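Presented below is the structure to which this report refers.
The values are calculated or read from the model by the stated rules, or taken from the named source; none is laboratory data. Given the structure is predicted, the values throughout are model-derived calculations rather than measurements. Reconstructed Cβ throughout: ideal geometry from the backbone, glycine too, with neighbour counts over all protein chains shown. We work out accessible area using only protein heavy atoms, side chains counted, and drop any ligands, DNA or RNA first. Shrake-Rupley method; radii C 1.70, N 1.55, O 1.52, S 1.80 Å.
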Amino acid sequence: MKLAAFIYNGKERVGIVDGADVFPLPGFSSMEELIRAGFPEERTEAGIPLKNVKLLSPIPRPSQDIICLGMNFADHTKESARFHPEIVREDHAVYFSKHANETVPDGGIVDSHPDVTSQLDYEAEVAIILGRDAYRVKKEDARDYVFGYTILNDISARDVQKRHKQFFLGKSLDGFTPLGPWIVTADEFPYPPEIGIRCTVNGELRQNGSTSSWIYGIGDVIEDLSAAMTLKAGTIISMGTPAGVGMGFQPPKYLKKGDVVVCEADGIGTLTNTIG
Ligand code: MG
């Protein structure tokens, strides 16, 4: 089931996408509200053609920072080592947070912030959305906490992240979190999921990986994080990017105004954004 957030008749709604229509779910004005209330099962309103609504990111204003994994693919760890030799490590997962006042929907513009960065980069990732509060969850039970999957483009200002020794600032500029186009519920995928993920820039294939190559899987991550921290329902965890980011090329291929970045994940869809 595909769950989307959208604006129709000036109101923010959430609904089930089926073919070319979206069926609004009554009583919910946000995805986080819907997730906290449990799995939606009934369509009680008539479908609206998708072309008549304004699609939003599925979680337009996350109520908490997004949790991200750094270097969760071996090939990306290798390319990152040239840029960040000081932080590459493989014995434990690398976690950081990404702040997003507003996430960017499919079709939205990513502000390039040319006054702050000259090393703008993309990272196509599959993100998981938690469906329940998680505390002290064991690896083997983690599956029950996954509500669904979506695509996140972890836009990064490499010069800023390097300058400040931590990822937080360089990953959290306004507009740096394209998310969507919707959430696909976990029941649509095997577990652990095997989702091909790709990224093109102006049609050139840059990244081509699969979630089957994650170094740390969903069970590892939820067990680690929830051991002494409650993860709230609705938490977004972005699971890391495969090789092929701009900083990995020699010379690097950073993004510039007008570039079109498409992140695509099998079974989820495409997230297309233009650099503005
Ligand atoms: Mg990332």
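Annotations
- Residue selected from the range 142-183 under the condition touching a residue at least 40 places away in the same chain (Cβ under 8 Å) and more than 20 Å from residue 62 (Cβ to Cβ), by the criterion farthest from the ligand (Cβ to nearest atom): 143
- Residue among 97, 118 that alone is within 18 Å of residue 226 (Cβ to Cβ) and open to solvent by 20 Å² or more (accessible area, probe 1.4 Å): 97
- Residue list for the range 148-167, restricted to those being open to solvent by 20 Å² or more (accessible area, probe 1.4 Å) and either touching a Gly at 6+ places or on another chain (Cβ under 6 Å) or within 21 Å of residue 102 (Cβ to Cβ) (or both): 167
- Any hit, the range 35-49, residues being more than 18 Å from residue 2 (Cβ to Cβ), of a type in the set (Lys, Arg) and in a helix (DSSP H, G or I): yes
- Residue match in the range 74-93 (condition: among the hydrophobic types (A, V, I, L, M, F, W, C), outside any loop (DSSP other than H, G, I, E, B) and open to solvent by less than 30 Å² (accessible area, probe 1.4 Å)): no
- Of all residues in the range 9-50, those that are touching a helix residue (DSSP H, G or I) at 6+ places or on another chain (Cβ under 7 Å) and surrounded by fewer than 16 Cβ atoms within 10 Å (Cβ to Cβ) total 1.
- Check on residue 267, part of a loop (DSSP other than H, G, I, E, B) and either open to solvent by less than 20 Å² (accessible area, probe 1.4 Å) or without any contact (Cβ under 8 Å) to a residue 40 or more places away in the chain (or both): no
- Residue in the range 247-267 that is β-branched (Val, Ile, Thr), in contact with a Phe, Trp or Tyr (Cβ under 9 Å, 6 or more places away or on another chain) and farther than 13 Å from residue 125 by Cβ present: no
- Exactly one residue among 81, 100 is assigned by TED's automatic domain parsing to the domain that holds residue 182 and modelled with pLDDT of 90 or more, and that residue is 100.
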